[in-house]
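Take a look at the structure below.
Every number in this text was worked out from the coordinates using simple rules, so none of it is lab data. Treat the numbers as computed from the prediction; the structure is a model and nothing was measured. Here the Cβ is made from the backbone with ideal geometry for all residues, glycine too, and neighbour counts use every protein chain on show.
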Amino acid sequence: MKFVLILLVAILIQADERFVLVGNHNFPVDKLSKFQIKQIYLKKARFIDGVAITPINYQAQNLLRKRFEKSIFSMSQKRLKRYWLKEHYLGRRAPVVQKSIKSALLFVVRVDGAVAYVPYSQADVDVKILYEE
């Protein structure tokens, strides 16, 4: 029971904390705008300065993902779901999904061009902050 309570508190704190978008230190630019992030996560922008961009997402029920989508896309989850359904039938894939913030950060550090949104408190020296909420 204690474990569940601690987990719930941790999730609520994470959901309330501001997020940042991070890339590794080889990322071709130092900052991204909200518009650029939207284009990257909708897979309308696939390259920056010749580097292939790989956006990282979390599972659909993840509270950080919900907060990110609300802030960046300014569209309902239903509309976003319809967008990806249409893109799927056109042969385009949604962003890569990672199960945890830790795995997303490891992916970003190891893969040039990868970007992920994480809680501000978890953006460490191994990554470059490209956008702050």
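Positive end of the dipole of the chain, charges at C-beta (+1 Lys, Arg; -1 Asp, Glu), about the Cα centre: which of Phe35, Leu105, Leu130 has its Cα farthest in that direction?
Phe35
Roughly how many debye, to the nearest 20, is the charge dipole of the chain about its Cα centre, given +1 on each Lys and Arg Cβ, -1 on each Asp and Glu Cβ, and no other charges?
Computed charge dipole of the chain: roughly 820 debye.
For the chain, set up a Gaussian network in which alpha carbons nearer than 10 Å are linked by springs, and say which option among Arg79, Arg46, Arg110 fluctuates the most.
Arg79
Average the reciprocal distances over every distinct pair of alpha-carbons in segment 50-107, invert the result, and give the Kirkwood radius in Å.
Over segment 50-107, the inverse of the mean reciprocal pair distance is 12.6 Å.
Hey, can you grab everything whose amide H is under 5 Å from the amide H of Tyr58? Only 5+ residues off in sequence or another chain; H modelled, so Pro and N-termini drop out.
For Tyr58, whose amide H was placed from the backbone, the distant partners under 5 Å are Gln98.
Nearest-5 percent of antiparallel DSSP beta bridges in segment 2-132?
So the antiparallel bridges in segment 2-132 amount to around 70 percent.
Under a point-charge model restricted to the Cβ atoms of Lys and Arg (+1) and Asp and Glu (-1), what is the dipole moment magnitude of segment 61-104 relative to its Cα centre, in debye to the nearest 20?
That gives segment 61-104 a dipole magnitude of about 120 debye.
What does the extension gain come out to for Gln59 and Val111, with contour length at 0.36 nm per residue minus their alpha carbon separation?
In short, 16.7 nm is gained.
Using the Cα centre of the chain as origin and beta-carbon charges of +1 (Lys, Arg) and -1 (Asp, Glu), tell me which of Asn26, Tyr89, Tyr58 is placed farthest towards the positive end of the dipole.
The residue sitting farthest along the positive end of the dipole is Tyr89.
Using Cα centres only, tell me the gap between segment 71-99 and segment 107-124 in whole Å.
That distance is 20 Å.
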